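Take a look at the structure below.
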Amino acid sequence: MIYYVDPLSIVLLNNRALKAEKINGNIFGGFCRCGGIMLQKAWVDESILISECEQCWRTEAFTFNGRKFLERREVKAVYRHNFEEFLREILTSSELEAVIGKARGYQYSYNAYSRAKKKLEEMNIDVSEVLSILR
């Protein structure tokens, strides 16, 4: 599964975070399976285009090799309102509680936070950015 994490401007592919460059404006990004027009959300290294349908809100990734189209895959979009749900999928419950506790100034388990920090850093996700979103 590919994740587009909008608040962090990253695309999570094969448990590795890749920096995405957000697109400003409504630029054509292909046609959706529902028949709607897709608009570009972000690019990753000019090889992966993340687009969102203006009609059904489906988000998909289009992979390119230069100018040649390779594949089209469904993407799970993560925004601020479902960010904790996304973290719940990659962290254990104790690790998630520790990260939320650290972000909000509550008591937390240092060991669980350390495990979560290591897990996120191995995925190339900046922990300080995660904490600022959870505040």
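Here are a few things to note about the model shown:
- Counting only alpha carbon atoms, the long axis of helix 110-122 and the longest principal axis of the chain meet at about 20°.
- Relative frequency of Cα-Cα separations exceeding 17 Å in the chain, percent: 60 percent
- Over all distinct Cα-Cα pairs of the range 76-135, the Kirkwood formula returns a hydrodynamic radius of 11.4 Å.
- Residues in the chain average 59 Å² of solvent-accessible surface per residue, probe 1.4 Å, ligands and nucleic acids excluded.
- For the set K22/K118; K22/K119; K68/K119, the pairs lying more than 31 angstrom apart at their alpha carbons are K68/K119.
- Extension gain, T92 to S109, is 4.8 nm, computed as 0.36 nm per intervening residue step minus the present C-alpha separation.
- Fraction of accessible area attributable to carbon and sulfur, the chain (%, probe 1.4 Å): 45 percent
The values are calculated or read from the model by the stated rules, or taken from the named source; none is laboratory data. What you are looking at is a predicted structure, and each value in this text was computed from that prediction instead of being measured. What goes into the accessible areas is simple: the full protein's heavy atoms, side chains included, and nothing from ligands, DNA or RNA. Shrake-Rupley method; radii C 1.70, N 1.55, O 1.52, S 1.80 Å.
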